[in-house]
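Okay, so here's the structure we're looking at.
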Amino acid sequence: MIPSLESLTAPWLTDCLRSNGCGDVVVSAVRSRPIGTGQTAGCARIEIDYAAGAPAAPRSLVAKYPSADAQSRGTAVAMGLHRREVEFYRDVAPRLSIRLPHCYFLDVDDAGENFLILMEDLAPARPGDQLAGCSAAVARAAVLELVGLQAPTWCDATLGARFAEPEDGVFSDMAGLYRRMLPEFVARYGAALDAAELDVIERLGDSPRAPLFAPVGRPFCLEHRDYRLDNLMIDESCTPPRVTVVDWQGMRTGRPLNDVALCLAGGLEPEVRRQVEQDVLRDYHRALLAAGVAGFSWDACWHEYRRAAFAGFGLTVIASVAVARTERGDAMFIAMARRYARHAVDLRADELLR
């Protein structure tokens, strides 16, 4: 049975922590409070008291569980988000070197609706803020962290097939889904975009050659697909900043530079991005080669980066209409749309739509 937030009692947590190597601890009290701004799941910090000293046991954990909003829950189930995140932590994470939280409990029901992930509390690291953006140092650290996901899964046919988009899945006709969502997106947010930004967003939906809708092809690897600041826990007390990646519910087989573009274009204001993106990309490319990726030249890397300039468009247009609407969500989707569209304009990626 998958426990609810309310049933994370002291006896249950005692058993859970003992099974995770925390010794003969005895939990005496448990408190929870909501945290985060996620729109497809709820999160809470679980604060723990012990009956006696427990030096090896955590004082707090983070629980992730189904959203209280019916529309968001339905979207998550239809897209298989909760099942995929549990599978990622259970089956894939052990082979990766990307920094991840330790999970104390993982389970999801057969329908993919009810689930619980009980994970390490990464404080003092704090979640990034997609609205506020980040420094160039944080963006660079986040991009380099991707090497620990991508190099171990680079062109791995077994993983590629397992996590490929299903032919009958929600995104099997992403072009059609994008075109259906686009009018509502434009009605909500079009007035906040300048002419060039809105033009490239609309042209993407009409293009038969759009990289966003093309088959994955090669090179491929596992792709986070929502590699934004809100899904990164960032500790800036050290140099370089330490980044830990969470929210793996959208993970799929994809093209490696998509996550890179989501991070750089979505997290940096355009004037900052323009100054640093070449240097960050060079460092990322060198790190991939050092991690064992072969046959991937710098020219190929830059070409893939230009193709990936559209990766955030689907995330922005489709997700903004599919999830429950909030004031913060509206502001975030506008910021994302502007940054991603300006990125495509700056890279002249519209040439790839012709």
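The values are calculated or read from the model by the stated rules, or taken from the named source; none is laboratory data. Not measured: the values here are computed from a predicted model. Cβ placement follows ideal geometry from the backbone for every residue including glycine, while neighbour counts extend to all protein chains displayed. Accessible surface is based on the protein model in full, side chains and every heavy atom, while ligands, DNA and RNA are left aside. Shrake-Rupley method; radii C 1.70, N 1.55, O 1.52, S 1.80 Å.
Tell me, what % of the accessible area of region 226-354 is carbon and sulfur with a 1.4 angstrom probe?
Roughly 48 percent of what the probe reaches on region 226-354 is carbon or sulfur.
Would you kindly derive the ³J(HN,Hα) couplings of region 280-286 from the backbone phi angles with the Karplus curve 6.51 cos²θ - 1.76 cosθ + 1.60 (θ = phi - 60°), listing them in order in whole Hz, with x for Gly and Pro?
Going residue by residue, I get 5, 5, 4, 5, 4, 4, 4 Hz, with x marking Gly and Pro.
Provide the per-residue ³J(HN,Hα) series for region 27-35, in order, calculated from phi with Karplus coefficients 6.51, -1.76, 1.60 and θ = phi - 60°, each as a whole number of Hz, with x at glycine and proline positions.
In residue order, the calculated couplings are 6, 9, 7, 9, 10, 9, 8, x, 9 Hz.
Could you state the accessible area per residue of region 271-313 in Å², with a 1.4 Å probe and every protein chain left in place? List each step's numbers first, then the result.
Numbers: 2010 Å² over 43 residues.
Per residue, region 271-313 has 47 Å² of solvent-accessible surface.
Can you tally the net charge around E271? Count Lys and Arg as +1, Asp and Glu as -1, for every other residue whose Cβ sits under 13 Å from the Cβ of E271. Spell out each step's value before the answer.
Values: positive: R273, R274, R338, R339, R342; negative: E269, E277, D346.
Overall, the nearby charge balance is +2.
Using Cα atoms only, what is the angle between the long axis of helix 10-19 and the major principal axis of the chain, expressed in degrees (0 to 90) to the nearest 10?
Rounded to the nearest ten degrees, it is 70.
Accessible area per residue of region 130-189 at 1.4 Å probe, in Å²?
On a per-residue basis, region 130-189 sits at 44 Å².
Roughly how many percent of the accessible protein surface of region 101-211 is carbon and sulfur, given a 1.4 Å probe and a whole-percent answer?
So the carbon and sulfur contribution to the accessible surface is 50 percent.
Express the accessible area of region 72-112 per residue in Å², computed with a 1.4 Å probe while the remaining protein chains stay in the model.
Per residue, region 72-112 has an accessible area of 44 Å².
Among the GluC sites (Glu not before Pro) in region 94-167, which ones are in a DSSP loop with at most 15 other Cβ atoms within 10 Å of the Cβ? Mind listing them?
Within region 94-167, the qualifying GluC sites (Glu not before Pro) (loop, at most 15 other Cβ atoms within 10 Å) are E113, E167.
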